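*Asks:* If you scroll down you'll find the structure; I have some questions about it.
The values are calculated or read from the model by the stated rules, or taken from the named source; none is laboratory data. From a predicted model like this one, the values you see are computed outputs, not experimental measurements. Cβ atoms come from the backbone with ideal geometry, glycine included; neighbour counts cover every protein chain shown. For accessibility, only protein heavy atoms count, side chains too; no ligands or nucleic acids. Shrake-Rupley method; radii C 1.70, N 1.55, O 1.52, S 1.80 Å.
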Amino acid sequence: MSSGMIDVHAHLLPGFYVEQATAAGHTHPDGMGSWPAWSVETHLDLMDRNDIATAMLSMSSPGVHFGDDKAARLLARQVNEYAAELTRDHPDRFGSFASLPLPDVDGALEEIRFAFDELGADGVALLTHTQGVYLGDRRLEPVFAELDRRQAVVFLHPTSPVCWEQSALGRPRPMIEYIFDTARTVTDLLMAGVLTRHPNLRVIVPHCGGALPVLADRIGEFMRLFLPTQKPPVPDGVQQLRGLYYDIAGTAFPRQVPALLQLVDPDRVLFGSDYCWTPPPLADAHIAAINAAESPVQGTTWRSLTTANAERLFPGRVR
């Protein structure tokens, strides 16, 4: 086992992407004040300071699709090739989750093939929705079928919900809208049967599951009430949620992780820093809280526990 942690929730933010997103109107992304600064050097510095061995890089919100399918395909390819170059230059430090130009299904299928077969991606990153298409939408069925065939790791990441102009009340959407949109899209996956049709998907839910730990029983009850009886019987909502992975990026302690552990076993929990969207001082503070917290498994720390879990999920990243 490696000595440093594996960070499954870490973001790259190359300059060419910021330029294109800004040109598309994202001058204050998701209601935040400005784009954060990011560089390979500052990312490695944060990792070294906090004993993070490997960061699995992904693009955060607003993703790569700004309304034009062709432009989204080109930007997804540019981002994925850039991330692959970083993993080649720093093979012991970085992995990558590929971006897909959803809701363009044909473009996404081609990018899945290229990312896995040509670039050696470690998984894919999917936003909670793209252009209003949430992840349970039947139009995405070919994408999930291909990811299932490849037994892919699917890292979910929230974005502003479709109704943010009314629901966010003028406040930064990452504060609570991200949390609810995570619950919304995972519930959509459950209700649409995506996870039971595609049992080989290995899904990582961010931010301690968002609102899911406290909603799990309610979701399960409504599934029993409103979904027709399925034969053969499929796992209920709570069982399906227990089969997913969850990162602890953000304010995991003192309240979110205890709630999460009421839903899932400790072997489903992974470390995430959320850098660079979480500024370095806050990322350092979050990691210090993880270091200080008592592990739920005797003989482990949160660092060793989450690292062992990630190494089982990414055996190729064990050094």
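*Asks:* Can you spot a residue in the range 157-170 that is under 20 Å from L195 (Cβ atoms), under 15 Å from the mean Cα position of the chain (by Cα), crowded, with 17+ Cβ neighbours inside 10 Å and modelled with pLDDT of 90 or more?
*Replies:* yes
*Asks:* Turning to a different aspect of this structure: Is the range 77-89 home to any residue that is part of a loop (DSSP other than H, G, I, E, B), crowded, with 18+ Cβ neighbours inside 10 Å, free of Cβ contacts under 8 Å to residues at least 40 places away in the same chain and not β-branched (V, I, T)?
*Replies:* Scanning the range 77-89, I find no residue that is part of a loop (DSSP other than H, G, I, E, B), crowded, with 18+ Cβ neighbours inside 10 Å, free of Cβ contacts under 8 Å to residues at least 40 places away in the same chain and not β-branched (V, I, T), so the answer is no.
*Asks:* Has the range 209-226 got at least one residue that is open to solvent by 30 Å² or more (accessible area, probe 1.4 Å), closer than 25 Å to A125 by Cβ and assigned to a loop (DSSP other than H, G, I, E, B)?
*Replies:* Checked against the condition, which is being open to solvent by 30 Å² or more (accessible area, probe 1.4 Å), closer than 25 Å to A125 by Cβ and assigned to a loop (DSSP other than H, G, I, E, B), the range 209-226 yields no hits at all.
*Asks:* Being in contact (Cβ under 8 Å) with a residue 12 or more places away in the chain and acidic (D, E) is the filter; apply it to the range 265-319 and report the residue that is surrounded by the most Cβ atoms within 10 Å (Cβ to Cβ).
*Replies:* Of everything passing the filter in the range 265-319, D274 is surrounded by the most Cβ atoms within 10 Å (Cβ to Cβ).
*Asks:* Same structure, new question: Mind checking which residues of the range 102-129 are open to solvent by less than 40 Å² (accessible area, probe 1.4 Å), outside any loop (DSSP other than H, G, I, E, B) and in contact with an Asp or Glu (Cβ under 8 Å, 6 or more places away or on another chain)?
*Replies:* G107, I112, H129
*Asks:* Among the numbered criteria (1) of a type in the set (D, E); (2) under 25 Å from D68 (Cβ atoms); (3) in contact (Cβ under 8 Å) with a residue 60 or more places away in the chain, which single criterion is violated by D104?
*Replies:* Condition (3) is where D104 drops out.
*Asks:* Which count do you get for residues in the range 261-319 that are of a type in the set (V, I, T) and in a helix (DSSP H, G or I)?
*Replies:* Counting residues in the range 261-319 that are of a type in the set (V, I, T) and in a helix (DSSP H, G or I) gives 4.
*Asks:* Determine which single condition Q151 fails, assuming it passes every other condition in (1) open to solvent by less than 40 Å² (accessible area, probe 1.4 Å); (2) closer than 17 Å to Y245 by Cα.
*Replies:* The failed condition is (1).
*Asks:* Taking the conditions exactly as written (at pLDDT 95 or above, of a type outside the set (V, I, T) and either open to solvent by less than 10 Å² (accessible area, probe 1.4 Å) or not in a helix (DSSP H, G or I) (or both)), does F97 satisfy them or not?
*Replies:* yes
*Asks:* Among the numbered criteria (1) under 28 Å from A168 (Cβ atoms); (2) open to solvent by 50 Å² or more (accessible area, probe 1.4 Å); (3) among the acidic types (D, E), which single criterion is violated by D30?
*Replies:* (2)
*Asks:* Sticking with this one: What tally of residues in the range 1-26 results from selecting those that are under 24 Å from P281 (Cα atoms) and part of a loop (DSSP other than H, G, I, E, B)?
*Replies:* Total meeting the criteria: 5.
*Asks:* Something else about it: For the condition out of contact with any strand residue (DSSP E or B) (no Cβ under 9 Å at 6 or more places or on another chain), open to solvent by 20 Å² or more (accessible area, probe 1.4 Å), basic (K, R) and in contact (Cβ under 8 Å) with a residue 40 or more places away in the chain, what is the one hit in R73, R49?
*Replies:* R49
*Asks:* Evaluate the range 183-194: report whether one residue or more is within 15 Å of the chain's Cα centre (by Cα), under 20 Å from N309 (Cβ atoms) and in contact (Cβ under 8 Å) with a residue 12 or more places away in the chain.
*Replies:* yes
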